[in-house]
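Peer 1: First the structure, which I've put down as structure tokens, then a few questions once you've had a look.
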Amino acid sequence: MSALFPERYKTDIPPFLRKNDVLSKAVFRYPPPFGFQSMERKLKEVLGLFPEAAQEERSMKSCSRCVVVGSGGIMRGLQVGQLLNQFDVVIRLNNAPVSNFIEDIGNKTTIRMSYPEGSPKSWDDIDPKTLFVAVIYKTVDFNWLKAMIKRETVSLWDRLFFWQGVPKEIPIGISQFRILNPEIISQTAVDLLQFSEPRWRFWGWDQNVPTLGVTATVLATYLCDEVSLAGFGYDLTQPEAPLHYYENRRMDAMKGETMHNVDAEKQLLAKLVKAGVITDLTGGIHCSFCEN
């Protein structure tokens, strides 16, 4: 990454925020999800719930391998579950289910990365050491995360600010919660995708928000020595193909997607694959093993 983006890829970004960390000023430069502007008290309040002991996030292996597992319909029938389970770090996104799809997508989950509305309402990650990495998009997300850590009920007032129902609990220990450093999102959007910086307008902040998939890929470059992808890539030339491996929505549903610039993201990921920075195991981004 440093060789490919010598002026744009920062090598010293901590992937997660922890209790008693000395936080960079960049963390508070923008509002969520690019930063925690005017939210220092709220952040410290939640971080204060975390245990004192710091954990080493990187694997102790000499060459640790990450795989980011996407939810693409391309995973159906591939039967790569056993292969994915062999990686040191397996990152899964949002509420993508594991049960009933193990043959295709495996059942090892090292990191489950999500925001409140996208989080699993039924937890089926079997690894008792799975980390839940919370991505903060708005102020009320801190309140939800605090309730999950303390095993409390989310207030009715807070629930009014979510665009869909959120989980009532995340059944893991306090030491398994993490908060994604918003600098990872800023690095992804502004530095690598080269979107415009967030700017204030009369009706609010003008933001180009990257998907969790490409954000998780950048996160993986800070956690592991080798990074692979599986289940990535939308093929809009196949409108009737399944959008996700676990449901019947069609690919043409992506036509209504306006929040994310999936074309720019695919170009970035394809550049990384072609340069040998990451490996695309399923060929949805750039297929090096396909005849055509």
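Peer 1: Counting only residues that are over 23 Å from THR211 (Cβ atoms) and assigned to a loop (DSSP other than H, G, I, E, B), how many does the range 12-38 have?
Peer 2: Selection size over the range 12-38: 9.
Peer 1: For the range 217-231, indicate whether the set of residues that are at pLDDT below 80 and either hydrophobic (A, V, I, L, M, F, W, C) or surrounded by 12 or more Cβ atoms within 10 Å (Cβ to Cβ) (or both) is non-empty.
Peer 2: No.
Peer 1: Now a separate question. Keeping to the range 30-44, report how many residues are under 16 Å from THR188 (Cα atoms) and out of contact with any helix residue (DSSP H, G or I) (no Cβ under 8 Å at 6 or more places or on another chain). Give the derivation first.
Peer 2: The first filter runs over the range 30-44 and keeps only residues under 16 Å from THR188 (Cα atoms), leaving 30-35.
Retained after the next criterion (residues that are out of contact with any helix residue (DSSP H, G or I) (no Cβ under 8 Å at 6 or more places or on another chain)): 31.
Going through the range 30-44 one residue at a time, the tally reaches 1.
Peer 1: Among the residues that make up the range 22-35, is at least one of them in contact with a Cys (Cβ under 8 Å, 6 or more places away or on another chain) and in contact (Cβ under 8 Å) with a residue 24 or more places away in the chain?
Peer 2: Of the residues in the range 22-35, the ones in contact with a Cys (Cβ under 8 Å, 6 or more places away or on another chain) are none.
So far as the range 22-35 goes, no, none of its residues is in contact with a Cys (Cβ under 8 Å, 6 or more places away or on another chain) and in contact (Cβ under 8 Å) with a residue 24 or more places away in the chain.
Peer 1: Moving to a separate point now. What are the residues in the range 111-152 that are closer than 29 Å to GLY48 by Cβ, out of contact with any Leu (no Cβ under 7 Å at 6 or more places or on another chain) and among the β-branched types (Val, Ile, Thr), if any?
Peer 2: Hits for the range 111-152 are THR130, ILE136, THR139, VAL140.
Peer 1: For the range 173-187, does any single residue satisfy the condition of being in contact with a helix residue (DSSP H, G or I) (Cβ under 7 Å, 6 or more places away or on another chain), within 30 Å of GLY276 (Cα to Cα), of a type in the set (D, E, K, R) and part of a helix (DSSP H, G or I)?
Peer 2: Yes, some residue in the range 173-187 is in contact with a helix residue (DSSP H, G or I) (Cβ under 7 Å, 6 or more places away or on another chain), within 30 Å of GLY276 (Cα to Cα), of a type in the set (D, E, K, R) and part of a helix (DSSP H, G or I).
Peer 1: Looking at the structure I just gave you, is LEU180 in contact (Cβ under 8 Å) with a residue 60 or more places away in the chain and closer than 16 Å to ASN94 by Cα?
Peer 2: Here the answer is yes, as LEU180 does meet what is asked.
Peer 1: Out of the residues in the range 101-149 that are of a type in the set (S, T, N, Q) and in contact (Cβ under 8 Å) with a residue 60 or more places away in the chain, state the one that is farthest from ILE170 (Cα to Cα).
Peer 2: Only one residue fits best here, namely THR139.
Peer 1: Something else now. Scan (1) among the hydrophobic types (A, V, I, L, M, F, W, C); (2) under 17 Å from the mean Cα position of the chain (by Cα); (3) modelled with pLDDT of 95 or more for the single condition PHE34 breaks and write down its number.
Peer 2: (3)
The values are calculated or read from the model by the stated rules, or taken from the named source; none is laboratory data. Because the structure is predicted, anything quoted here is derived from the model rather than measured. All Cβ positions, even for glycine, are placed from backbone atoms using ideal geometry, and neighbour counts span all protein chains on display.
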